[in-house]
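Worksheet: the structure to be examined is printed underneath.
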Amino acid sequence: MTPVLTQHSSMTHVPRISDDMTVEVALSLMAGAQVDHLVLCDGDDQSTGLVTLARLTLQRNASTYTDQVRLRDLPER
């Protein structure tokens, strides 16, 4: 019998977003997709991590925030 490979259920419907998108675009996508995180991808569409609603909300509420901040420019946590 051949084992079946399955994807973890919490990751099957998580949208992917390019790291050159702005925080505002990511927040809008999260709201539309009704998710609390996105898979972050580089220019080669390779997954580089996750970005969460909580992290983006904190960033947007920071005094240094502008609507031009790109996901790749977020400080490491």
HN-Hα J in Hz across the stretch 32-39 - Karplus 6.51, -1.76, 1.60, θ = phi - 60°, x for Gly and Pro: x, 8, 6, 10, 10, 7, 10, 7
In order through the stretch 52-60: 3J(HN,Hα) via Karplus (6.51 cos²θ - 1.76 cosθ + 1.60), integer Hz, x for Gly, Pro: 9, 4, 4, 5, 5, 5, 4, 4, 5
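None of the figures in this text is laboratory data; all of them are computed from the coordinates on show. Nothing here was measured: the structure is a model prediction, and the numbers come from that model.
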